[in-house]
Amino acid sequence: MRNFSLGDGNADEIRTVSPESEGEVSTLAVSLETLFVASMQALHLLSNPSGKVLASITPHSTSIHTVRYLPISEIVATAAVGDRFIAVISSGGNKLTHWGSLICTYDVRAFTIKENDLFAITALGTLEVFQSFSTGFDRQKKGGMTRNPDIEIHLKTSHAAKIEIQNAVFREKAEEITVSWMEGAKTGFKDIDISSMSGKVKINVETRKDLTQPQVASPLVFVPLTKSDH
């Protein structure tokens, strides 16, 4: 495993890390002094650059496909294949401690972190937002180790076509994002302001088919999240 410096625009190798952990590395996240390396279902905390394993944890029962690290709070989050749970793990003191899990409505395909909010894209093309995602867990309370999304965004069309969100990019303002979506083989983009959203949100998007026929705009529909939604 190699680290590179890109300060001058060129990829100059500065050191090589040889992890002590066994198994193929599926994904990783990097901080100044440590590496978070996923191998199968396990997450390893490695010293950088020695490669010494400082701690390990198994937060999933299937292979981990995404690891994201939040340096300010020393929090790492992981998602795995065929799993709708995102594990929230503390890495303070060179230890890995499972704080709790975020529960998406469908299996997690990808996720990213913006400041303290986590944005997950599911296998069915929904965008689910967990605000201040690393807080709100309570081991002493029944169900206190899990959290449901604060916002669950679905795209729809007037002709009831299947629309799936593929990716999300943050705009200059933290509350504004641009999502890319697919309808069959067609791709489109939609700007979304989440600042006033909560619960389940349905957003109309216009496709070429919509533009060829009259329609009544219905930009947002808010539906409170309940346990039955999950």
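No lab work stands behind these numbers, since they all come straight from the coordinates. Bear in mind that the values here come from a model prediction, so they are computed numbers and not experimental data. FYI the Cβ positions are ideal-geometry reconstructions off the backbone, even for glycines, and counts take in every protein chain you see.
General remarks:
- Three-way shape label, region 151-191, alpha-carbon gyration tensor, a/c 1.5: prolate
- Residue exposure sequence - H154, H60 - by fewest surrounding Cβ within 10 Å: H154, H60
- Counting beta carbons within 10 Å around each of H159, H65, H44 and listing the fewest first gives the order H159, H65, H44.
- Extending 7 Å from the Cα toward the beta-carbon at both S90 and I72 defines two label points whose distance is 1.8 nm.
- Dipole in debye (nearest 20) - region 41-179, about Cα centre, beta carbon charges: Lys, Arg +1; Asp, Glu -1: 340 debye
- The ranking of K52, K142, K190 from fewest to most other beta carbons within 10 Å of each one's beta carbon is K142, K52, K190.
- Measuring between alpha carbons in the structure, the pairs from K142/K202; K52/K114; K114/K200; K156/K200; K162/K200 lying more than 24 angstrom apart are K142/K202; K52/K114.
- Shape of region 13-136, Cα gyration tensor, a/c cut at 1.5: prolate
- Modelled this way, with points 7 Å down the Cα-to-C-beta line, the labels at Y106 and S50 are 4.6 nm from one another.
- Put simply, region 54-105 fits an ellipsoid with semi-axes of 19, 12, 9 Å; these come from the alpha carbon gyration tensor as the roots of five times its eigenvalues, largest first.
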